[in-house]
1. Any chance you could check the range A:100-116 for residues losing 10 Å² or more of accessible area when the partner protein chains are in, compared with the chain on its own (1.4 Å probe)?
2. List, shortest first and in nm to one decimal, how far the label point of B:LYS79 (7 Å from Cα along Cα→Cβ) is from its counterparts in the other copies.
3. For the interface of B with A, what's the total buried accessible surface in square angstrom, probe 1.4 angstrom, rounded to the nearest hundred?
4. Helix A:33-58 versus the longest principal axis of chain A: what angle, 0 to 90°, nearest 10, using Cα atoms?
5. What full-extension length gain, to one decimal in nm, is calculated for A:GLU34 and A:GLU94 as 0.36 nm per residue of separation minus the Cα-Cα distance?
6. For B:LYS7, give me every one of the aspartates and glutamates with a C-alpha distance below 13 angstrom, ignoring sequence neighbours fewer than eight places off in its own chain.
7. Among all stretches of chain A without exposed GluC sites (Glu not before Pro) (DSSP loop, at most 11 other Cβ atoms within 10 Å), which one is longest?
8. Can you give me the convex hull volume of the Cα atoms of the range B:82-129, divided per residue and expressed in Å³?
There are 2 protein chains.
Amino acid sequence: MLAENLKSLYLDEWNRYVGHEFVRRMEHGDLPLENFKFYLVQDSLYVEEMLRAVMRSTELMPNDMAIRILSSVVLGRDKGMETHAFLEKELGVEKSSRMTMTTYSYTRHLRYSSTIGWPQFLAAWIPCMWGYSEIGKTVLNSPNRYYRTWAEFYASKEYADRVSVILEAMDRFNGDITEIKDYFLISLKFEQMFWQAAFDMEKPI
Amino acid sequence: MLAENLKSLYLDEWNRYVGHEFVRRMEHGDLPLENFKFYLVQDSLYVEEMLRAVMRSTELMPNDMAIRILSSVVLGRDKGMETHAFLEKELGVEKSSRMTMTTYSYTRHLRYSSTIGWPQFLAAWIPCMWGYSEIGKTVLNSPNRYYRTWAEFYASKEYADRVSVILEAMDRFNGDITEIKDYFLISLKFEQMFWQAAFDMEKPI
């Protein structure tokens, strides 16, 4: 599977992302809720921009791939929104439209990748989608119930099915891996920066 | 002048950019050449991407504005390239195609802005173009001859004319400043990060 190849190519960067201190602390339950709330706000802003990038990229996909991606991800995102909305309500998170430079930069990368070609976009998108499957499983047994609720969504079968659609689509690329690997690597770096920004509570723009 | 208004709105951020430690050290001549060489490499990569963004944005400009911008900037860039090439040769700079995350992020911002509208693109572009006029004048009397050579280009009348074309084009925007100010602000932040990355010699991707 091509996604597996990309992952093994940058395994260190992958591990620095899925095993980031922020994730470890969610797993152990000792991440301060303030950091988690900060994360939720930036993540909502991220998801909105990610969806725009998905929509743009579908213009460049074979039609059947575009339809499959749109129906699994865009139309099937209600569950994720529900989890987010539940946590935001429970924790009293105040909505904000102010991104950090990290959120802004990462999402500019996704929007850019979405204009280059579908293989480039998928390579840039996979770290987020696939990585959260892995992270969800790690955090699932956290002693903190909010972190468990959060993890249950990403560890769910529903979410895994969604990820499969994307990983299978990636497998239809039969060009050279050098055409897409940088997009994957750059997203791995941005994912690390995204956790770090939530850890440091980076000042929004 | 609209560019003046943008500058006064974010004067602190502007000053943190044009008065960055990196600039001060060029001015005083005690910036290590290694940092300057690092900067030259990233700046070349930046300029290439900036030009692509200019080209994309001209599609959204009134025709006469597009032609004026293209002729002053794209076709008139030889002098800047000459200075760059001279310094690179003198200092034995090795070309590289490897951007830092900072260079990549900043240029994704420019490429993104270039797809939104010409006023947004100009607002994002002005910090770089206009700021270097100011920085050139500051560094012009540096005791280091390489930094002087570098500054002479940005302090030249030729460069100032080029900047005027852009500032005048910005003045043709008659919408509300709130539609463009974030693009300007974000570039000011990226410019600071760009100096800082050269100062820290950020590891390329």
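The values are calculated or read from the model by the stated rules, or taken from the named source; none is laboratory data. Predicted, not measured: the structure shown is a model, and the values here were computed from it. Glycine gets a Cβ as well: all are built from the backbone with ideal geometry, and neighbour counts include every protein chain shown. We work out accessible area using only protein heavy atoms, side chains counted, and drop any ligands, DNA or RNA first. Shrake-Rupley method; radii C 1.70, N 1.55, O 1.52, S 1.80 Å.
1. Correct list: A:MET101, A:TYR104, A:SER105, A:ARG108, A:HIS109, A:ARG111, A:TYR112.
2. Its label point is 6.2 nm from the equivalent points in the other copies.
3. Adding both sides of the contact gives about 1400 Å².
4. 20
5. So the extension gain works out to 20.4 nm.
6. Cα-Cα hits under 13 Å: B:GLU134, B:ASP182.
7. Longest site-free region, per DSSP loop and neighbour criteria: A:95-205.
8. Hull volume normalised by residue count: 104 Å³.
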